[in-house]
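Step one of this worksheet: look at the structure below.
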Amino acid sequence: MLEPAYITAAKQVVKEHQYTALDADTGAKVAENEPNAVILDATTANAMVKVWDALKPNQQKKLTEKPVSLYRYIDFAWKVVK
């Protein structure tokens, strides 16, 4: 199953323990100085990956079929982790 671009980027941030800049709309990697860039740190990326991995396959499928914005997913991840 394909995962959203921001989950792929979050997994890389966790693996390398190095922040990255993502486009808030698409979740694709961008330069830090882009107007729509969001800096994704290792702690937030780890929370995102843990929540993604904990979702059942049918829930993951829903998130890939009807994409959720990066901001909304981060907010969701932090609410679930707490």
- Query: With respect to the numbered conditions (1) at pLDDT below 90; (2) part of a loop (DSSP other than H, G, I, E, B), which one is the sole condition not fulfilled by Thr64?
  - Reply: (2)
- Kindly check whether there is at least one residue in segment 42-62 that is among the aliphatic types (A, V, I, L, M), under 12 Å from the mean Cα position of the chain (by Cα) and more than 17 Å from Glu3 (Cα to Cα). yes
- Answer yes or no: is there a residue in segment 11-24 that is small (Gly, Ala, Ser) and in a helix (DSSP H, G or I). no
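Taking the stated definitions as given, is Val68 touching a residue at least 60 places away in the same chain (Cβ under 8 Å) and surrounded by fewer than 18 Cβ atoms within 10 Å (Cβ to Cβ)? Give the steps one after another, and end with the answer.
Working: touching a residue at least 60 places away in the same chain (Cβ under 8 Å): yes; surrounded by fewer than 18 Cβ atoms within 10 Å (Cβ to Cβ): yes.
Answer is yes for this residue.
Conditions (1) under 18 Å from His17 (Cβ atoms); (2) in contact with a Ser or Thr (Cβ under 9 Å, 6 or more places away or on another chain); (3) touching a residue at least 12 places away in the same chain (Cβ under 8 Å); (4) surrounded by 15 or more Cβ atoms within 10 Å (Cβ to Cβ), marked per residue:
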site	(1), (2), (3), (4)
Ala37	no, no, yes, yes
Ala42	yes, no, yes, yes
Asn46	yes, no, yes, yes
Lys56	no, no, no, no
Arg72	no, no, no, no
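The values are calculated or read from the model by the stated rules, or taken from the named source; none is laboratory data. In this text, all values refer to a predicted model and were calculated from it rather than measured experimentally. All Cβ positions, glycine included, derive from the backbone under ideal geometry; neighbour counts span all protein chains shown.
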